[in-house]
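Have a look at the structure below, then the notes.
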Amino acid sequence: MATRTKTEPAPRRESSTPPDKQPDTVRSFIAEWSVTILILIFGTTMVAQVMAIPTSSMHDTLLTGDHLIVDKLAFSPPGPLTRALLPYEDVKRGDIIVFRHPVLIQENYVKRVIGVPGDHIRLDNRQLLLNGHPVREPYVIHIFPYPDAYRDNFPSAPFEPAGDEKMSERAEQMIQSDVVNGELVVPPGNYFAMGDNRDNSLDSRYWGLVPRENIIGKPVVILWSYDAPTADLQDYTVHHFVDLAQHFFTKTRWNRTLQLIRSYPLQ
């Protein structure tokens, strides 16, 4: 009489990762990425940030389409310990600064500091006179051949509004309060800034002084430069991304990559 054998159950395959270890792996992954994101947020808010130049007001020092790394610690007030560790400095004449616009507070502007508190400033037929003597400005360009009374002879010529009512009010208040004997005297806690493209720059002549607390930092290096129009750089339109896909290599200004941005001392 045949004996029936009992069928052995197939051995169960074990998971390569024990079940109790899988949650730990997920938690580790989330923790690593959370720390990375926090570091990036801290870096871009506290230490440095990248910004693009959307207009021609700083040509030829900074071109439309230059993407800059901004040092946000450069002008920070030093503490008792960090004073010896970090290269903090005061804002000086000739420094290129990034600041929150005093009227368009959500927008960051880039200009050159021309006057610090106590300085006497005026323009005479485009020539800058600082504290009573003419100053050489090798970075300045003039693109318009025709003269403009207010632009070229600030602040002695009659005021010309820039188009924005609030900007014009600030500029008129500056002229009424801080002009003495035909010269602008920069008051404490403020700075007078202009673009290097002197004929095509909406600057302190048209919207007033830059408060010290509005200054964010200084650009230190050009990370990348791309030949794009102002509209693309202000709003990052679909056209901009299509243009990048088609012309990245030909419209990138490779010679400007990692170019240092230097101040020019004004005396």
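Here, each number is a calculation from the coordinates, and none is a lab measurement. Computed from a prediction, not measured in an experiment: that's the story for all the values here. Because the Cβ atoms are built from the backbone with ideal geometry, glycine has one as well, and the counts that use them run over all protein chains shown.
Only residues that are in contact with an Asp or Glu (Cβ under 6 Å, 6 or more places away or on another chain) and either over 23 Å from R262 (Cα atoms) or not basic (K, R) (or both): list them for the range 108-121, please.
Selection gives V113, H120.
Restricting to the range 245-265, give me the number of residues that are closer than 22 Å to P219 by Cβ and either of a type outside the set (A, V, I, L, M) or part of a helix (DSSP H, G or I) (or both).
12
For the range 195-244, give me each residue that is under 24 Å from R256 (Cα atoms), touching a residue at least 60 places away in the same chain (Cβ under 8 Å) and among the aliphatic types (A, V, I, L, M).
I216, V220, V221, I222, L223, A228, L233
Confirm whether F154 is within 15 Å of L209 (Cβ to Cβ) and in a strand (DSSP E or B).
Spelling it out, it is not the case that F154 is within 15 Å of L209 (Cβ to Cβ) and in a strand (DSSP E or B).
Would you mind telling me which numbered condition in (1) touching an Asp or Glu at 6+ places or on another chain (Cβ under 9 Å); (2) crowded, with 16+ Cβ neighbours inside 10 Å D124 fails?
With respect to (1) touching an Asp or Glu at 6+ places or on another chain (Cβ under 9 Å); (2) crowded, with 16+ Cβ neighbours inside 10 Å, D124 is out only on (2).
Residues of the range 147-161 being of a type outside the set (S, T, N, Q) and buried (at least 16 other Cβ atoms within 10 Å of the Cβ), which ones?
If the condition is that a residue be of a type outside the set (S, T, N, Q) and buried (at least 16 other Cβ atoms within 10 Å of the Cβ), then Y150, R151, D152, F154, P155, F159 are the ones that fit.
So L233 ticks every box in (1) within 15 Å of the chain's Cα centre (by Cα); (2) not in a helix (DSSP H, G or I) but one. Which box is left unticked?
Only one criterion is unmet by L233, namely (2).
Scan (1) surrounded by 13 or more Cβ atoms within 10 Å (Cβ to Cβ); (2) farther than 16 Å from I114 by Cα; (3) not basic (K, R) for the single condition V242 breaks and write down its number.
Every listed condition holds for V242 apart from (1).
Considering every residue within the range 257-264, establish whether at least one is among the β-branched types (V, I, T) and either more than 30 Å from I175 (Cα to Cα) or surrounded by fewer than 20 Cβ atoms within 10 Å (Cβ to Cβ) (or both).
Yes - at least one qualifying residue is present in the range 257-264.
Report, by residue number, each residue of the range 217-267 that is of a type in the set (D, E, K, R) and farther than 21 Å from A193 by Cβ.
D227, D232, D235, D243, K251, R253, R256
For the range 190-216, give me each residue that is at negative phi and small (G, A, S).
Residues satisfying the conditions are A193, G195, S201, S204.
Taking the range 218-239, which residues are surrounded by fewer than 16 Cβ atoms within 10 Å (Cβ to Cβ) and polar (S, T, N, Q)?
Answer for the range 218-239, where residues must be surrounded by fewer than 16 Cβ atoms within 10 Å (Cβ to Cβ) and polar (S, T, N, Q): T230, Q234, T237.
Restricting the range 136-146 to residues that are among the aromatic types (F, W, Y) and surrounded by 11 or more Cβ atoms within 10 Å (Cβ to Cβ), which is farthest from S201 (Cα to Cα)?
Here the answer is Y139.
So which of N190, N214, N197 is within 22 Å of the chain's Cα centre (by Cα), surrounded by 13 or more Cβ atoms within 10 Å (Cβ to Cβ) and more than 24 Å from A52 (Cβ to Cβ)?
N190
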